[in-house]
Amino acid sequence: MKDNKTLKIAVTGLMAALAYIAFTFLQIKIPTPGGTTSFHLGNTFCVLAALLLGGVPGGIAGAVGMGIGDLLDPTYVVVAPKTFILKFGIGVITGLVAHRVFKIQKLKGKQLVIGVVASTFAGLLFNVIAEPLFSYFYTSVLLGAPSQAALALASWNAVTTITNAVIAIVISSALYLALAPTFKKSGLLEKLHTVKKD
């Protein structure tokens, strides 16, 4: 049990590092009057972590990885708290749907594909709705930006968030479906799920 916990922490750390790398180095920044938004691949590893480990570890991996990415980038440093909250939400919702609703670790074939895609869709749908709304509130109320500038940023956030979501659904689902059979055969998938249910 202790070894499983150590393994889960190690994989969570690995996913946080991958989220950081994908967010920081695989992104295209878009300046707007209210701030900067971007196309990036960071959400892919937040969702993949939630599929492999469960909602809370997945949310932590995404929040820590992309939160650090924000803190180390002068462009995004002021929005790091927003990133932490939203990425944690993506992971928790993806993991909840994957492991509590579909129980993907028990599925095979077409049912597994449906469960994985639906779970990633649920987590990223949360982000598609929450990101622009939270962005407007955060920029206008907490950062004191004029409402027109905050609205411009929220509008661009909607565009980039939808694009990021579609890409993350495709890549994270494909990665999980490719990795799951090997992980299951080696017993790794079971070890990642036996520490604690979230």
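The values are calculated or read from the model by the stated rules, or taken from the named source; none is laboratory data. Bear in mind the structure is a predicted one, so any value in this text is a computation, not a measurement. Because the Cβ atoms are built from the backbone with ideal geometry, glycine has one as well, and the counts that use them run over all protein chains shown. Side chains are part of the model used for accessible areas, which takes the heavy atoms of the whole protein and leaves out ligands, DNA and RNA. Shrake-Rupley method; radii C 1.70, N 1.55, O 1.52, S 1.80 Å.
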Inset, instruction - Could you list, in sequence order, all residues of segment 75-127 that are touching a residue at least 24 places away in the same chain (Cβ under 8 Å) and in contact with a Gly (Cβ under 6 Å, 6 or more places away or on another chain)? - result: Lys87, Phe88, Ile90, Gly91, Val92, Ile93, Thr94, Gly95, Leu96, His99, Ile104, Phe126
Inset, instruction - State whether the residues of segment 162-171 include one that is crowded, with 16+ Cβ neighbours inside 10 Å, touching a strand residue (DSSP E or B) at 6+ places or on another chain (Cβ under 7 Å) and at pLDDT 95 or above. - result: yes
Inset, instruction - Could you list, in sequence order, all residues of segment 179-193 that are charged (D, E, K, R) and within 16 Å of Gly54 (Cα to Cα)? - result: Lys184, Glu190, Lys191
Inset, instruction - Restrict the check to segment 45-54 and report whether at least one residue is among the hydrophobic types (A, V, I, L, M, F, W, C) and surrounded by fewer than 24 Cβ atoms within 10 Å (Cβ to Cβ). - result: no
Inset, instruction - Identify, by number, the condition in (1) modelled with pLDDT of 95 or more; (2) over 18 Å from the mean Cα position of the chain (by Cα); (3) buried (at least 22 other Cβ atoms within 10 Å of the Cβ) that Phe102 doesn't meet. - result: (3)
Legend entry - Test for Ala149: is it touching a strand residue (DSSP E or B) at 6+ places or on another chain (Cβ under 8 Å), at pLDDT below 95 and either surrounded by fewer than 23 Cβ atoms within 10 Å (Cβ to Cβ) or acidic (Asp, Glu) (or both): yes
Legend entry - Members of segment 97-149 found to be closer than 21 Å to Gly187 by Cα and of a type in the set (D, E, K, R), listed by number: Arg100, Lys103, Lys106, Lys108
Legend entry - Exclusive hit being on the phi > 0 side of the Ramachandran plot and open to solvent by 50 Å² or more (accessible area, probe 1.4 Å), set Gly144, Gly187: Gly144
Inset, instruction - Being surrounded by 15 or more Cβ atoms within 10 Å (Cβ to Cβ) and aromatic (Phe, Trp, Tyr) is the filter here, so list the residues in segment 1-38 that pass it. - result: Tyr20, Phe23
